[in-house]
Amino acid sequence: MRPHQLRDDQWDLIKDILPGRAGSVGVTAADNRRFVDAVIHRYRTGIPWRDLPESFGDRCGQRICDDRQHDRAGPPTQRRCKKKAGEDQAIGKSKGGLSTKIHVLVDALGHPLKIVLTKGQAHDLHGADALLPGMAARMLLADKAYDVDKRVIEPLNVAGKIAVIPPKSNRKTRRSYNEPLYEARHLVENFFCWAKQFRAIATRYDKTARNFLAAVHMVGALSWLN
């Protein structure tokens, strides 16, 4: 097996839902599995598309194109290029420079359920606004950044859900939380540790938010396959 290649059992789980498979509508891919392995290899190692090993075949024929936690934007991403019409880049100035913030909602096993991007300087509550509506779980484990009554605590209470969130030190009205349950919050940190093993995620190389979000979704799918 090549490094970072899907195992047979993993491939069997996804091969019948991918576009380009034999019998599906549209153009049939020359080798779907080799294409998926090539994309995984590129994001895992962080190499440019043009430097993919020859074992992955004809890059043009495969149609591989080059077009957080904070994820620093690499030099290709930082270039002052004209934006494509209607395309957001989700890059902003934070203390560490230009970056993108990844917000993730994970389940009780640490597998991602929903992923959104914001600019690096955006507050975590922007992620909460996108992640929490429609959350199926009966409780939310989150850090102190989510200790806000009107945007987080009260909506959860109205929905009959439990907020397992430590109170901020400057909170005027103290409230309790389940400390033993809160210890499980490491699961979302585990996901970020997993994602940052992929060099092109830890240091963002994709110019558009659309492409970068797709890459993070791919890493999320791999965590489910594992």
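FYI, it's all coordinate maths here, none of it is from the lab. Nothing here was measured: the structure is a model prediction, and the numbers come from that model. We place every Cβ from the backbone using ideal geometry, glycine too, and count neighbours over all the protein chains shown.
Below, the figures for the structure above:
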read-out	value
DSSP-defined antiparallel bridges as percent of all bridges, region 69-225, nearest 5	75 percent
Residue-span extension gain [Gln197 to Ser176] - 0.36 nm each, minus C-alpha spacing	4.0 nm
Selection of trypsin sites (Lys or Arg not before Pro), region 5-55, meeting DSSP coil and at most 16 other Cβ within 10 Å	Arg7, Lys15, Arg21
For region 106-111, Karplus couplings with θ = phi - 60° (6.51, -1.76, 1.60), whole Hz, Gly/Pro x	10, 8, 5, 9, x, 8
Estimated 222 nm signal from helices in the chain, with DSSP H stretches of n ≥ 4 weighted -39500 (n - 2.57), rounded to 500	-8500 deg cm²/dmol
Convex hull volume of region 69-225 per residue (C-alpha atoms, cubic angstrom)	128 Å³
Inverse mean reciprocal Cα-Cα distance (Kirkwood Rh) of region 8-56, Å	12.0 Å
